């Protein structure tokens, strides 16, 4: 068993060294646009005649490599099925040897960099690159499968450590594989992952092989769901502007919980990753809303704590 006191020390070091976000997709967006509330966080795209303040300036066009420019409409076509798997990753439904070798190397380098001995159960590729709905916005979703219970009986603490470690790794590194950004996830061996395409990189075989098919994606419903979240995010921003920090934190928590429930419901449905709920999540990730919520949460928390410090000094 790994000493529990060392777990806490490592976990606290990660938290002190870097703010950890659960939304990795847009973390590499430059801090300029998320910090400058006068140009970006001014009520969002709600028009002034509808009660919103709108943007006073066009937000800077700084973004993650795999995400569309801020403010750019997410094309419905980017969610459509392709006739083949991504040809730079797969050939005749088998992962290209050089791609597989590099992914294994990346995963092992990550594990070797941890302060605890970890046995890899499997390394898996999932997401759109392991399916026919890949696009220019796809990421390499690389899942490292580990038995949490063999590290410590407190599996929640183990998960917290891995979450902090992989988020730090994702923020620190900017690795592209055939033009697609690599994102690492640590998955417990007992965890159920909902996807219609999962490839074992370690064993070089399909766990769940996707089938080319015509999928009728309800993009209109997905857009309504994402628009609702974006509107709520804009309203929270106005609360922050009015100095209602504690209320804003509660509202941010509720919105993030709603997003998690929405995605879980979609992935648990018959449509899985092609459900309106999961497509809505991807829209929010691509247009920067998830990154914006995370930044607002960090900034508002800091404001709240700063107020408490000021009150303590009085």
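Each reported figure results from applying straightforward, stated rules to the coordinates on display, with no laboratory input. As the structure is a computational prediction, the values presented were derived from the model and not from experiment. Note that we place each Cβ from the backbone using ideal geometry, even for glycine, and neighbour counts take in every protein chain shown.
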Can you give the extra length, in nm with one decimal, that the chain gains between residue 163 and residue 112 once fully stretched, where that is 0.36 nm per residue apart less the Cα-Cα distance? 16.8 nm
Listed with the fewest Cβ neighbours within 10 Å leading, 95, 305 appear as 305, 95
With a ≥ b ≥ c from the Cα gyration tensor eigenvalues, square-rooted, and the rule rounded for a/c under 1.5, otherwise prolate when a/b > b/c and oblate otherwise, the stretch 115-237 is oblate
Give the shape of the stretch 216-270 as rounded, prolate or oblate, defined through the alpha-carbon gyration tensor: a ≥ b ≥ c are the square roots of its eigenvalues, a/c under 1.5 means rounded, and otherwise the shape is prolate if a/b is larger than b/c and oblate if not. oblate
Sorted by average packing, counted as other Cβ atoms within 10 angstrom per residue and highest first, what order do 222-232, 132-142 take? 132-142, 222-232
For residue 231 and residue 190, what is the calculated FRET efficiency with R₀ set at 35 Å and r taken between the beta-carbons, to the nearest 0.05? 0.40
What order do you get for 94, 233 when you list them from fewest to most C-beta neighbours inside 10 Å? 94, 233
If I take R0 = 30 Å and measure r between the Cβ atoms of residue 220 and residue 253 in this structure, what FRET efficiency does the formula 1/(1 + (r/R0)^6) give, to the nearest 0.05? 0.55
Peptide ranges 143-149, 153-159 listed from the most packed, as the mean C-beta count within 10 angstrom indicates: 143-149, 153-159
Length gained when the stretch residue 91-residue 244 is fully extended (0.36 nm per residue, less Cα-Cα span): 49.6 nm
